[in-house]
Amino acid sequence: MAVQLVSDRNSMRDQVSPAEWAARVELAAGHRVLAHYGVNDLTYNHFGLRVPDEPDCMLIKRTDWMFSEVTASSLLKVDFDGNVRTDTDVKTIKGGALIIHAGLLKARPDLNATLHTHTVNGMGVAAHKFGLLPINQHALRFYGEIKYHEFEGLEFDHDMTPKLIRDLEGGAFMILRNHGVLVCGGSVEEAVVNHHFLEMACQGQIAALSAGEGNYTIPSPEACAYAHSQYMAGGNFAKGGKDWAACLRLADRLDPSYKD
């Protein structure tokens with residue numbers, strides 16, 4: 001059960017706009033759904049979301065909380081210099097939350113959501129010399145769209161932000177070599193659903209590679225390009241589509257306290 005962070009007379013909902021509160025609820029739901037599917041690394045990893053009516057700020061979880069604990073009220077509102085703007089006991093953020101999430105959202109006004117994770121399969125593909133292979137249907141959703149960022153140490157130093165921006169090259173999906181994955185988008189639902197497909201792609205690749213080199217097949221470039229075009233022609237699939245409504249129903253069934 002999540003810990004109540006503020007008293008009723010000064011609730012987080014009372015401190016923020018209706019648009020921000022709705023964003024908080026969606027972001028909290030995203031954390032809970034990801035955790036349900038095993039996307040967690042204790043208190044590490046972050047999921048940042050631009051505040052709808054304050055575009056120079058983002059919502060992000062506390063650094064010492066797990067994804068499965070996040071609630072709408074517990075999220076921090078932070079400016080892109082790392083200063084917490086809401087009335088909480090936390091005053092600043094640092095590390096990946098600042099270097100990756102604040103850095104990207106500040107530099108890329110076309111993005112509203114940034115999700116960075118260390119799943120076992122994501123790390124496995126990040127360590128593979130060929131990166132993400134077009135080896136299954138889920139991977140073909142990302143065909144031609146994945147960018148790569150070489151490992152130069154933990155993402156804690158300010159000079160790493162420009163390198164992330166450079167390597168993302170205006171895109172939305174990046175594999176951080178020997179590290180993990182980064183999924184960006186215009187909304188919570190876009191980030192969650194695309195991350196799920198990327199994670200499934202990585203799981204499928206790791207499973208296929210266990211058969212040994214030469215014992216798996218890869219479709220032709222023409223088939224890969226056509227399959228990717230089919231994904232892109234699929235209405236709002238790439239933005240979350242029908243899956244996000246199902247994710248919200250799942251979050252409600254798991255524990256509706258994410259809305260608190």
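The values are calculated or read from the model by the stated rules, or taken from the named source; none is laboratory data. For clarity, every value in this text was computed on a predicted model and none was experimentally measured. Don't worry about glycine lacking a Cβ; one is built from the backbone with ideal geometry, like all the others, and counts go over all protein chains shown. The area values use the complete protein model at the heavy-atom level, side chains included, leaving out ligands, DNA and RNA. Shrake-Rupley method; radii C 1.70, N 1.55, O 1.52, S 1.80 Å.
For segment 21-89, the strands (runs of 3 or more DSSP E) that sit wholly inside it and include 1 or more residues that are modelled with pLDDT of 95 or more and acidic (Asp, Glu) are 54-60, 76-79. All conditions in (1) open to solvent by less than 10 Å² (accessible area, probe 1.4 Å); (2) in a helix (DSSP H, G or I) hold for Glu190, with the sole exception of (1).
Residues in segment 217-237 include at least one that is closer than 29 Å to Ala72 by Cα, out of contact with any Gly (no Cβ under 9 Å at 6 or more places or on another chain) and either open to solvent by 50 Å² or more (accessible area, probe 1.4 Å) or not aliphatic (A, V, I, L, M) (or both).
Yes/no per residue for (1) touching a residue at least 40 places away in the same chain (Cβ under 8 Å); (2) within 17 Å of the chain's Cα centre (by Cα):
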| position | (1), (2) |
| --- | --- |
| Leu115 | yes, yes |
| Gly122 | yes, yes |
| Gly144 | yes, no |
| Met160 | yes, no |
| Lys163 | no, no |
| Val181 | yes, yes |
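Taking the listed residues Gly122, Gly144, Gly170, the one that is in contact with a His (Cβ under 7 Å, 6 or more places away or on another chain) and either assigned to a helix (DSSP H, G or I) or open to solvent by 40 Å² or more (accessible area, probe 1.4 Å) (or both) is Gly144, with no other qualifying. Candidates Ile165, Ile218, Ile175: the one that is part of a helix (DSSP H, G or I) and at pLDDT 95 or above is Ile165.
Residues being open to solvent by less than 10 Å² (accessible area, probe 1.4 Å), in contact with an Asp or Glu (Cβ under 7 Å, 6 or more places away or on another chain), within 15 Å of Val25 (Cβ to Cβ) and in contact (Cβ under 8 Å) with a residue 24 or more places away in the chain are entirely absent from segment 86-105. Return yes when Cys247 is within 16 Å of Ala126 (Cα to Cα) and either of a type in the set (D, E, K, R) or out of contact with any strand residue (DSSP E or B) (no Cβ under 6 Å at 6 or more places or on another chain) (or both) and no when it is not. So Cys247 fails the test.
Listed by first and then second residue, the pairs linking a residue in segment 3-31 that is among the β-branched types (Val, Ile, Thr) to a residue that is buried (at least 17 other Cβ atoms within 10 Å of the Cβ) and at pLDDT below 95, with Cβ atoms under 9 Å apart and 6 or more places separating them unless they lie on different chains, are Val6/Met12; Val6/Thr88; Val16/Thr86.
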